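Chemist: I am attaching a structure below and will ask some questions about it afterwards.
The values are calculated or read from the model by the stated rules, or taken from the named source; none is laboratory data. On a predicted model such as this, the values are computed, not experimentally measured, just so you know. Glycine also receives a Cβ, built like all others from the backbone with ideal geometry; neighbour counts cover every protein chain displayed. Accessible surface is based on the protein model in full, side chains and every heavy atom, while ligands, DNA and RNA are left aside. Shrake-Rupley method; radii C 1.70, N 1.55, O 1.52, S 1.80 Å.
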Amino acid sequence: MEKLTFYAVSAPEKLDRIGSYLAERLSRDVVRHRSGYVLIAMEALDQLLMACHSQSIKPFVESFLHMVAKLLESGEPKLQVLGTNSFVKFANIEEDTPSYHRRYDFFVSRFSAMCHSCHSDPETRTEIRIAGIRGIQGVVRKTVNDELRATIWEPQHMDKIVPSLLFNMQKIEEVDSRIGPPSSPSAADKEENPAVLAENCFRELLGRATFGNMNNAVRPVFAHLDHHKLWDPNEFAVQCFKIIMYSIQAQYSHHVIQEILGHLDARKKDSPRVRAGIIQVLLEAVAIAAKGSIGPTVLEVFNTLLKHLRLSVESEANDLQGGPAGSATVTTASKDNDEKIVQNAIIQTIGFFGSNLPDYQRSEIMMFIMGKVPVFGTTTHTLDISQLGDLGTRRIQIMLLRSLLMVTSGYKAKTIVTALPGSFLDPLLSPSLMEDYELRQLVLEVMHNLMDRHDNRAKLRGIRIIPDVADLKIKREKICRQDTSFMKKNGQQLYRHIYLGCKEEDNVQKNYELLYTSLALITIELANEEVVIDLIRLAIALQDSAIINEDSLPMFHRCGIMALVAAYLNFVSQMIAVPAFCQHVTKVIEIRTVEAPYFLPEHIFRDKCMLPKSLEKHDKNLYFLINKITESLGGSGYSVERLSVPYVPQVTDEDRLSRRKSIVDTVSIQVDILPSSVPSDDVVSNTEEITFEALKKAIDTSGMEEQEKEKRRLVIEKFQKAPFEEIAAQCESKANLLHDRLAQILELTIRPPPSPSGTLTVTSGHAQYQSVPVYEMKFPDLCVY
């Protein structure tokens, strides 16, 4: 062997003939089953290959690979292992120049087949499988680094390599040891355990994948999991994708997520458990990718998940509506439970993904999800609910709000305007989301997530009479100008939502607890003196509504409202620290403790609480009196003029469209005439301004939006296409017409009425003016008396 090696090194041009001769001898010996000569020939080939590195070695390599192929084709396990070992040695040699004509298709196929060996002897079977995995590893190392010879990444090769590795990884026993970043098993484990060796080869393959061939490496994983039905249960699928996410380069994470989403779309008609398994795999992938770069797939992830949420709810609704009878009922119930597993998995994924996003992206996702929530009377939501029906629509509303709750958890905005912009707040507080107690709970919890910027909510959990609020150590900051502006613009909307939420007949204890927390958080985060007055007005209005009971509420709900008012006034009186106010509230609570404990939260929300038969016969000392509150706050410098005006919720356009009982049926329209001494900034409009246009709009609202859109489109089109001279002339004529119109209006004819019966008494401050005749003012369009 030494002489042969010296001769080959000295005369490299002879290597080709040497290789051909050895190949011929070895082929003959393999056929004749002369194993000893086969071993000698392969050892000679191996030593020559390791010793010679000249340009002339390439023809010799062809002979060498031909002989390795002969060994692999033989049916003897020892020869297959021998051929694999020789190929691995060859794979570790770095060639000076690549050989572009050399292909490894046969070796990929053969090594993959060896990975699936089913030899009857367990030890031999393990030995052959290990040889196959090592052979695949050798092929990968030999070809993967050469960009000009990237045939290994072609789908026909990946479809053999990846399933072969996954097949051996399935045999792993200690699942937990494989989870996480790449491990460092011992050399003995690598050699003896096919699962460990296959996993390390799989990690190495993925680590070498680039932008262009990432998808080819990942897609066979889905085919393998589908073929072997490994989505339910999905422990192995989760393990595979954890390995994938930790092995690939971070910037390619979004490719894997896109592939999972695509596969979820492809399997949308499969059983719920299979879909749930895929979604849980997506959750694990997102959990790892969210720590780094997600790329452009953020909205795509949410859009796909929400689409599958709708499909799941639609399937569940169809099963309930089409309700099969008899023995099929059990199957339907089981499928419904499976669909709930899918829905919970989707919500969990949305929440986890959203909570790991930066704030600027999270606010976009919040708007995106809110835009999907079906709101009655509008077509702004982008989710198709035509096939859902009322039950399905309610279910999808609950699911989307639960998703929104997960995304908003932990969100901290510097100003409330950022967290609750008008485009988000309006649909969130829509009457359509008040038709069910669970919907109202979710809406309030979402608001709490966004309002609670100082983590005070946990301290306020549970509705109760707090003896000393200072013990809670509530964190708060001075109200900024943006928050003040937000309350001036949206305060009435928030008050209205709380007021109507308290008067719902299907409220349970949790609803009252969340409503109390809402009032407390507004007081902590958003309340200046003006807002405190409005909140007290709201609380007194709730007390009055419980006493008068225009909505015919059950006694439990009336007492629940009274308990809510007591808990909140106790809280707000200590927060603003006005002694007289605190004394009044404390006195009422003490009297209630003795005479009417059912008006306190500690008693009414306790099991088997005795309820009164009516509230009309109760002593007024059991109620919070507005005159006492006005007197106590007025003595501390508060502007208490508005306290004398009862709170009335605003009537919105959606109330006329909503399927619920309109609040117009139960709330009379009040016109508040405040004294002129009250500064204009402190005046809060409690009702809609009644004008000719408002009345006209109330009478006929059909087609208004469509007409406005068409009108805007025509104006834009006109300004885009019409000549400048025509536009200028039309504007001039309109200006002249407007001038004439104003002149007409200003020329009013005022005359006394035919009979002096009508009089008007005007009161302002402490001065009362004399009764004066009422005059009729004639306008071209409207007569006002």
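Chemist: Just to be sure I understand the filter: pairs with C-beta atoms under 8 Å, separated by 6 or more residues or on different chains, first member in the range 262-277 and of a type in the set (V, I, T), second member surrounded by fewer than 21 Cβ atoms within 10 Å (Cβ to Cβ). Which pairs pass?
Modeler: Close Cβ pairs (under 8 Å, with a partner that is surrounded by fewer than 21 Cβ atoms within 10 Å (Cβ to Cβ)) amount to V274/D232; V274/R267.
Chemist: Can you name the number of the only condition in (1) within 29 Å of the chain's Cα centre (by Cα); (2) open to solvent by less than 30 Å² (accessible area, probe 1.4 Å); (3) of a type outside the set (D, E) that K459 fails?
Modeler: So K459 meets the others, but not (2).
Chemist: Out of H584, H603, H618, I need the residue that is at pLDDT 90 or above and open to solvent by 30 Å² or more (accessible area, probe 1.4 Å). Which one?
Modeler: H603
Chemist: Criterion first (at pLDDT 80 or above and surrounded by fewer than 14 Cβ atoms within 10 Å (Cβ to Cβ)) does E13 satisfy it?
Modeler: no
Chemist: Restrict the check to the range 87-108 and report whether at least one residue is at pLDDT below 85, out of contact with any Cys (no Cβ under 6 Å at 6 or more places or on another chain), among the aliphatic types (A, V, I, L, M) and crowded, with 16+ Cβ neighbours inside 10 Å.
Modeler: Yes, some residue in the range 87-108 is at pLDDT below 85, out of contact with any Cys (no Cβ under 6 Å at 6 or more places or on another chain), among the aliphatic types (A, V, I, L, M) and crowded, with 16+ Cβ neighbours inside 10 Å.
Chemist: Among the helices (runs of 4 or more DSSP H) contained in the range 208-297, which hold 1 or more residues that are touching a His at 6+ places or on another chain (Cβ under 8 Å) and in the same structural domain as G351 (by the TED database)?
Modeler: 214-227, 253-266, 272-289
Chemist: Could you please find all residues in the range 462-490 being at pLDDT below 90 and open to solvent by less than 30 Å² (accessible area, probe 1.4 Å)?
Modeler: Correct list: G462 only.
Chemist: While we're looking at this one, here's another question. Among the residues in the range 602-615, are any touching a helix residue (DSSP H, G or I) at 6+ places or on another chain (Cβ under 8 Å) and within 23 Å of Y495 (Cα to Cα)?
Modeler: Within the range 602-615, not a single residue is touching a helix residue (DSSP H, G or I) at 6+ places or on another chain (Cβ under 8 Å) and within 23 Å of Y495 (Cα to Cα).
Chemist: Go through Y638, Y568 for me and flag whichever is open to solvent by 10 Å² or more (accessible area, probe 1.4 Å), out of contact with any Cys (no Cβ under 6 Å at 6 or more places or on another chain) and closer than 30 Å to K489 by Cβ.
Modeler: Selected residue: Y638, the only one of Y638, Y568 that is open to solvent by 10 Å² or more (accessible area, probe 1.4 Å), out of contact with any Cys (no Cβ under 6 Å at 6 or more places or on another chain) and closer than 30 Å to K489 by Cβ.
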